[in-house]
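Working notes, structure below.
Derivation of every value follows stated rules applied to the coordinates shown; laboratory data play no part. Remember, it's a predicted structure, so these values are computed and weren't measured experimentally. Here the Cβ is made from the backbone with ideal geometry for all residues, glycine too, and neighbour counts use every protein chain on show.
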Amino acid sequence: MSAEDKLRRLLQSEAAAVHPGGDGLARIQARLARRRLVRRWLVPASALATAGAVVTALLVLPSDRTGRPDVLVPGTPSPSPSATASPTTAPQPGDWAGPAFWPYSSRADVDTAGTPVPDWVQDPVEVGRRLVRDVLQLEGISVVQECVSCEVLDLLVEDRSVGQVQLGHYTTGGKRVFTAVGIEGTDLVITWPTAGTAVPSPLTVRGTVPGVDESVLLRLVSRAGDGLAQASVAAGGEAPWSGSLTWRATDWDSGAVLAVTRSPKDGAVRAIALVPVHRGTAETTAAFAGLVDGHVSLYSAVDGSLVRRLTFPPAGKTDVEATWSAGTLVWVRRGAAGTCTAELDRLDGQGASTVVPSGRASLSSPQLSPSAAWLAWVEEPCGGGDGGVLVVTVGGTEARRMTTPTGSLTRVLDVRDDGTLLVLTNDRAATGPGAIGVLPARATALTELVPLEAEPGCYLASGAAFDGEGAVAFQGCEDGTQLLRFALSGQVAAKDPALAEEAPLSVSVRDREVLVWRNGGDTVGAIARYTDGRLVDLTHPDPVRCQSDGDQRGCVRAPDW
Amino acid sequence: MTGGGAVVRQDRDALLVDTYRAHYAGLVRLAAFLVGSREEAEEVVQDAYVKVHGALRRVEDPEAYLRTTVVNLSRSRLRRRSVAAAHRPEPLPDAASAEAGALEHVQRAVVVAALRRLPRRQREAVVLRYYADLSEAQTAAAMGCAVGSVKSHTARGLAALRPLLEDAR
């Protein structure tokens, strides 16, 4: 028997020992069903009835540009007036609530453009065609609707798919208008930034692409179709690619990072990926929020200096927890000492508002997603017990989308722009470090938590955060601490070098930069940036007063960015 | 509009069931050679079905299309693993018993362990050629490379395994 025949026989024999589980088809069907449903989440009517005015964003795009794609700005004349259309700003069931790119980057853009709406935005294929031709300026691509109702468009070059435009829709004036929320579907993948990220300049874009000798063209495109930055990156082989985009323009709010590969033979587009982003300002990308003396202030992430005070609690009330993302602050304001009352408040470009009015309940661990579209927190009855719920909202401060019962002491550690949560659970007595896990966006019970686990002999500290592609958390071991990077599946993807100190109290990540609240040694209570495997202190608190049993005056705590 | 969508979806869902029944198990076995475990192989193949679901109706050879996607997704899966894990030596099998079946089991495990240590492209070429029994042209299509590359990767992979195969006679 030849070596080849022997190899064939051994491989067949080995393969015969692999028995697939019997639930493969059900799992595939469930995932396809979830994909169909993801844009059709029902908004409880009761929540909508109480929804306040939808936040509207001012568009800075000039309306008289020539040679520009159709961007809907205030005052845009409608080509097809509709006598029956009646303006509405209330989101309808199934309306898109996540980050989007073009022609609408958010529900607010739809409201700003007003009604009646042009015919072409009601035609998903036409939206796709104009996106490719006018905004992305890509040639030789035909746009085909994959199926009649699934809001996915295939981008084809000579019958070969080079990407799929994912669409979302908004309902306005009784009509459904479409917007592109991303392009994916090929092996060209942008892993950073993720959708909805507030991007600063310079921006490091990361991704993967198979192949040996690829060239990835990166562009940052504004919603108005302006090319803001461009770079070309050599890629391929086993390593992920990364490239830097730098821009100076500040007259844009929303845009997208575009990656394109082309055939070296004829230059035809081979793969396209697109992720919607919005512009990060100096303040939103270089500052963190912290609690100090019962209020929230903003601090420089460069030197820890005070930027400005953000909240001013009335006498007898104290701000105890806060989350800061994309220029939006949400915080818990607690009632007088000894009473169990709390409210959840919000401050953004539109001013202050109340998310949960003051009542007899314990509110804790609010967390905003990077784009500030998602907000999650935990509500528990006064006195504890098992009646707590984990609340997740998206698309508006009062639009409750999901509540999950919490049978144990639960804290939200972070939330992504797709609604995935990072959660800490513990027993009532909090006798151990607790369990940290990833809770999928559509989970309905904490039993669906995908646990993140420390290595044997170590424990995961209570701080953890999403870092775009996965999650990061510090593990504490006998000889120090080290940062673990987890995939969302719970597997450890990478491990940083060990540091000879205790694991930090909290972790916050923005644009892959890690901010920690240190715990232990002479630097107890310091807020530090974790850079190149080292901690660089931004604040230098009093090592005696800022201990947990100190008087805490002047100590900046619980940083978030 | 909704009705049309439902018809399209019904067609696609029926096609999904057909292609699942025809190819799922074989693709899982193929992926198991590429990613190393049955559980991960199932995830990869399920990913592939979800990914190509919308396009299945348009392709002439759904099996080849799925196979190419499985190979690509297996590569992505391996790329995400840490270098250390990817190169961790496979544990040697337990000591052989005197029984012929057990002996073959040990020989098989040794060869499969060596197969998994091959460079990725050589492993893909060997598995597609000698397990999936594809032609060089079909293997090239699945790997997204030229036929000449397939010949080269296959020859190198086979050369690395040949001493073990000769021992196994």
Assertion target for A:136, A:449, ordered by fewest C-beta neighbours within 10 angstrom first, is A:449, A:136
Among B:60, B:166, which comes first, then next, by fewest other beta-carbon atoms within 10 Å?
B:60, B:166
Using Cα positions and a limit of under 27 Å, work out the lysines in reach of residue A:6, with same-chain residues fewer than 8 apart set aside.
B:151
Which order results if A:293, A:253, A:560 are arranged by neighbouring Cβ count within 10 Å, fewest first?
A:293, A:253, A:560
